[in-house]
């Protein structure tokens, strides 16, 4: 049931995020096109600072400026400053500056789409704010891609039932390697990129009054994605070194546990010392009282301290069960307890 709810949430999140991407891309594209819009003299018909009351008592401000212009015998009215509304501001001072610069009755150049004059604006061309939405959307897009990656893996597991839950298994001639990284390279890249973008939004946005220069906005985007790529490459290198691999030596009848879950060195265990392989259900409670579960394929040893050793920790119960079943067969265990 948890996976069903998460799948529905993932699809809703992805749909909303895609709509946001399309909407912002459209506005940025129109703003880019406005570089070539012709202009005509217009008159400001209304100019004031508008106050917006949001949730939890939050207040924001914007410059509410309306204008009119004439092409031939046709009169047009407009209120757009930029296609992405970035110039209208959210701070009172910023909005007041715009209102003071465009008092009612003043003349103002209006830029319009020659193919559709009703599409007009006061500030054409590209600024850093055309790149800032890319930074703003990056955390949402990273979450969306993570959800879609998880959905794809869940569907693959459900339809094709890959061996051992789909983990990578290969032999080096001596040992069978079962690759069990706690997070895939893809997830590491997404987490780093999304986290860096989230922090950068506040650093770049607040330090510039939400009006970054083009070089600063572009540099922030490049650094965010380079950080994600560098993290993914570093994790790929570590995984290739085999630190997350469970090693099974059928000839010696031993297991070597991966360097995960706090293990600083590999622990070698004889097949006969393994009493069972079971899946532990782990409860996670959020600060707001929400509950979620992950599932850890775990070795139960015959005596010894500690007597239990986790091998992985996944949100997919089916995948965890499949890995546990596969390990039982490798160790010639018939049943699982715990």
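The values are calculated or read from the model by the stated rules, or taken from the named source; none is laboratory data. Model, not experiment: these values are computed from the prediction. Cβ coordinates were reconstructed from backbone atoms using ideal geometry, including for glycine residues, and neighbour counts include every protein chain displayed.
Can you find a residue in the range 21-38 that is touching a strand residue (DSSP E or B) at 6+ places or on another chain (Cβ under 9 Å), surrounded by 16 or more Cβ atoms within 10 Å (Cβ to Cβ) and not in a helix (DSSP H, G or I)?
Looking through the range 21-38, at least one residue is touching a strand residue (DSSP E or B) at 6+ places or on another chain (Cβ under 9 Å), surrounded by 16 or more Cβ atoms within 10 Å (Cβ to Cβ) and not in a helix (DSSP H, G or I).
Identify all residues within the range 65-84 that are buried (at least 17 other Cβ atoms within 10 Å of the Cβ) and assigned to a strand (DSSP E or B); write none if there are none.
Keep residues of the range 65-84 that are buried (at least 17 other Cβ atoms within 10 Å of the Cβ), which gives 65, 67, 69, 76, 78, 80-84.
Hits for the range 65-84 are 65, 67, 69, 76, 78.
Of the conditions (1) over 21 Å from residue 232 (Cα atoms); (2) buried (at least 19 other Cβ atoms within 10 Å of the Cβ); (3) in contact with a helix residue (DSSP H, G or I) (Cβ under 8 Å, 6 or more places away or on another chain), residue 190 clears all except one; give me its number.
(1)
From the list 259, 327, 255, exactly one residue is assigned to a loop (DSSP other than H, G, I, E, B) and touching a residue at least 12 places away in the same chain (Cβ under 8 Å). Which is it?
On the way: 327 fails: assigned to a loop (DSSP other than H, G, I, E, B); 255 fails: assigned to a loop (DSSP other than H, G, I, E, B).
On inspection, the qualifying residue turns out to be 259.
Against the conditions (1) outside any loop (DSSP other than H, G, I, E, B); (2) in contact with a strand residue (DSSP E or B) (Cβ under 8 Å, 6 or more places away or on another chain), where does residue 174 fall short? Just the number, please.
Here residue 174 meets the rest and fails (1).
Taking residue 133, is it surrounded by 20 or more Cβ atoms within 10 Å (Cβ to Cβ), touching a residue at least 24 places away in the same chain (Cβ under 8 Å) and either under 21 Å from residue 7 (Cα atoms) or more than 11 Å from the chain's Cα centre (by Cα) (or both)?
On the way: surrounded by 20 or more Cβ atoms within 10 Å (Cβ to Cβ): no; touching a residue at least 24 places away in the same chain (Cβ under 8 Å): yes; either under 21 Å from residue 7 (Cα atoms) or more than 11 Å from the chain's Cα centre (by Cα) (or both): yes.
For residue 133, the condition - surrounded by 20 or more Cβ atoms within 10 Å (Cβ to Cβ), touching a residue at least 24 places away in the same chain (Cβ under 8 Å) and either under 21 Å from residue 7 (Cα atoms) or more than 11 Å from the chain's Cα centre (by Cα) (or both) - is not met.
With respect to residue 209, determine if the residue is at pLDDT below 95, in contact with a helix residue (DSSP H, G or I) (Cβ under 9 Å, 6 or more places away or on another chain) and over 30 Å from residue 327 (Cα atoms).
On the way: at pLDDT below 95: yes; in contact with a helix residue (DSSP H, G or I) (Cβ under 9 Å, 6 or more places away or on another chain): yes; over 30 Å from residue 327 (Cα atoms): yes.
Criteria met by residue 209.
What do you reckon, is residue 42 surrounded by 15 or more Cβ atoms within 10 Å (Cβ to Cβ), over 25 Å from residue 200 (Cβ atoms) and in contact with a strand residue (DSSP E or B) (Cβ under 8 Å, 6 or more places away or on another chain)?
On the way: surrounded by 15 or more Cβ atoms within 10 Å (Cβ to Cβ): yes; over 25 Å from residue 200 (Cβ atoms): yes; in contact with a strand residue (DSSP E or B) (Cβ under 8 Å, 6 or more places away or on another chain): yes.
Yes, satisfied.
Would it be correct to say that residue 158 is surrounded by fewer than 14 Cβ atoms within 10 Å (Cβ to Cβ) and farther than 30 Å from residue 36 by Cα?
Working: surrounded by fewer than 14 Cβ atoms within 10 Å (Cβ to Cβ): yes; farther than 30 Å from residue 36 by Cα: yes.
Spelling it out, residue 158 is indeed surrounded by fewer than 14 Cβ atoms within 10 Å (Cβ to Cβ) and farther than 30 Å from residue 36 by Cα.
Before we move on, is residue 311 more than 32 Å from the chain's Cα centre (by Cα), closer than 19 Å to residue 254 by Cα and crowded, with 16+ Cβ neighbours inside 10 Å?
Working: more than 32 Å from the chain's Cα centre (by Cα): no; closer than 19 Å to residue 254 by Cα: yes; crowded, with 16+ Cβ neighbours inside 10 Å: yes.
No; evaluated as a whole, the condition is false for this residue.
Would you tally the residues in the range 235-272 being surrounded by 15 or more Cβ atoms within 10 Å (Cβ to Cβ), touching a helix residue (DSSP H, G or I) at 6+ places or on another chain (Cβ under 9 Å) and over 28 Å from residue 189 (Cβ atoms)?
Within the range 235-272, residues that are surrounded by 15 or more Cβ atoms within 10 Å (Cβ to Cβ), touching a helix residue (DSSP H, G or I) at 6+ places or on another chain (Cβ under 9 Å) and over 28 Å from residue 189 (Cβ atoms) number 4.
Any idea which residue in the range 290-321 is nearest to residue 266 (Cα to Cα), counting only those that are in a loop (DSSP other than H, G, I, E, B) and touching a strand residue (DSSP E or B) at 6+ places or on another chain (Cβ under 6 Å)?
Here is the first cut: in the range 290-321, the residues in a loop (DSSP other than H, G, I, E, B) are 290, 302-307, 311-313, 315-316.
Remaining after also requiring touching a strand residue (DSSP E or B) at 6+ places or on another chain (Cβ under 6 Å): 302, 307, 311-313, 315.
Details: 302: 19, 307: 16, 311: 12, 312: 15, 313: 18, 315: 25 Å.
It comes out as 311.
Restricting the range 44-59 to residues that are in a strand (DSSP E or B) and more than 21 Å from residue 103 (Cα to Cα), which is modelled with the lowest pLDDT? Step through it out loud before you land on a result.
Taking the range 44-59 first, the residues in a strand (DSSP E or B) are 44-53, 59.
Add one more test, that the residue is more than 21 Å from residue 103 (Cα to Cα), and what stays is 53, 59.
Details: 53: 81, 59: 84.
Top of the filtered list is 53.
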